1. Tell me, which strands (runs of 3 or more DSSP E) wholly within the stretch 185-269 include 3 or more residues that are surrounded by fewer than 19 Cβ atoms within 10 Å (Cβ to Cβ)?
2. Could you tell me which numbered condition HIS138 fails, if it satisfies all but one of (1) assigned by TED's automatic domain parsing to the domain that holds GLU23; (2) surrounded by fewer than 20 Cβ atoms within 10 Å (Cβ to Cβ); (3) not in a strand (DSSP E or B)?
3. Can you find a residue in the stretch 22-31 that is farther than 17 Å from ALA74 by Cα, of a type in the set (D, E, K, R) and in contact (Cβ under 8 Å) with a residue 12 or more places away in the chain?
4. Kindly provide the set of residues from the stretch 120-133 that are assigned to a helix (DSSP H, G or I), closer than 20 Å to ALA187 by Cα and not basic (Lys, Arg), ordered by number.
5. Of the conditions (1) out of contact with any Lys or Arg (no Cβ under 6 Å at 6 or more places or on another chain); (2) more than 18 Å from LEU53 (Cα to Cα); (3) modelled with pLDDT of 90 or more; (4) not small (Gly, Ala, Ser), HIS230 fails just one. Which one is it?
6. Among the residues of the stretch 56-104, write down those that are of a type in the set (Lys, Arg) and assigned to a loop (DSSP other than H, G, I, E, B).
7. Filter the stretch 8-52 for residues that are within 16 Å of the chain's Cα centre (by Cα) and charged (D, E, K, R); which is farthest from VAL257 (Cα to Cα)?
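The values are calculated or read from the model by the stated rules, or taken from the named source; none is laboratory data. Predicted model, so just to flag it, every value in this text is computed and none were measured. Cβ sites come from the backbone with ideal geometry, for glycine too, and all protein chains shown count toward neighbours.
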Amino acid sequence: MAESLVRVESVSHTFPAPEGGKEVLALDAIDMEIRQGEMVAFIGPSGCGKSTLLNVIGGMIAPTSGAALVSGQAVRGPLPKQIAYIFQESALLPWATVLDNIKVGLEFQGVPKDERGPIASAALKSVGLEAFAASYPHQLSGGMKQRVALARALSLRTDILLMDEPFAALDEQTRMIFGEDLSRLLASERKTIILVTHSLAEAVLLADRIFVFTSRPGRIKAVLTIDEPHPRTPDFMTSQRFSELRNELYELLRDEVLAAIGNDRQGLS
């Protein structure tokens, strides 16, 4: 079994109270281990702390209590040599070409100037966009922009890739094709990937394990294992097994989503 690369130990996080309100406990005593080369998904109702935990692991925020560890070392801030991010929006620089957008990430990482071009070109080729190196973001579709964001993250050659709903702005068909591409990349590169998603199908298609969160405060309700090798194929997506896993995930989530809706209604009353 692969060794643990990421550990989360009793992580809780409380957000300060808004004016006239109460503090918000977003995460409550989360424990987990994520192995080298594994892809996991975080799924749960809105507001359950999925993105908060992702940001704790990435060093973007410090937990109120507990700790995240990468390679056995406590995370005390961003780790650009070890962790790359992909967000909901591609966050591409509109005035820069596709190739230059990738080079910017390498510049921030301290890669020598003469090495940036070949690395960026190879990353573009890995996502099938080498023909668009001289294009600008406004000339690309939404799915292509996210492919460039993926190429930029891959170019950094980090062991860990954190993805915060990177397909949310895409239509369902594009999301699933993008998912197939990501599964192929996972099979070839063996990166450790943590994906936050609201899509049941996306989680089943991509993840080796799915961490199901409760409604706020977020706790781990269950961990669903998807025992299917990468790369995942369209045959898997149309199989009985895929439907069974998606239905099992829905059953785990349904009560939590209802609880979250109830909490939101109470907050408005």
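1. So the answer is 220-225.
2. Condition (1) is where HIS138 drops out.
3. Residues of the stretch 22-31 farther than 17 Å from ALA74 by Cα: 22-28.
Keeping just the survivors that are of a type in the set (D, E, K, R) gives 22-23, 28.
If we keep only those that are in contact (Cβ under 8 Å) with a residue 12 or more places away in the chain as well, we get 28.
Scanning the stretch 22-31 turns up at least one residue that is farther than 17 Å from ALA74 by Cα, of a type in the set (D, E, K, R) and in contact (Cβ under 8 Å) with a residue 12 or more places away in the chain.
4. ALA122, ALA123, LEU124, SER126, listed by residue number.
5. Failed condition: (3).
6. Here is the first cut: in the stretch 56-104, the ones of a type in the set (Lys, Arg) are 76, 81, 103.
Hits for the stretch 56-104 are ARG76, LYS81.
7. Among them, the one singled out is ARG35.
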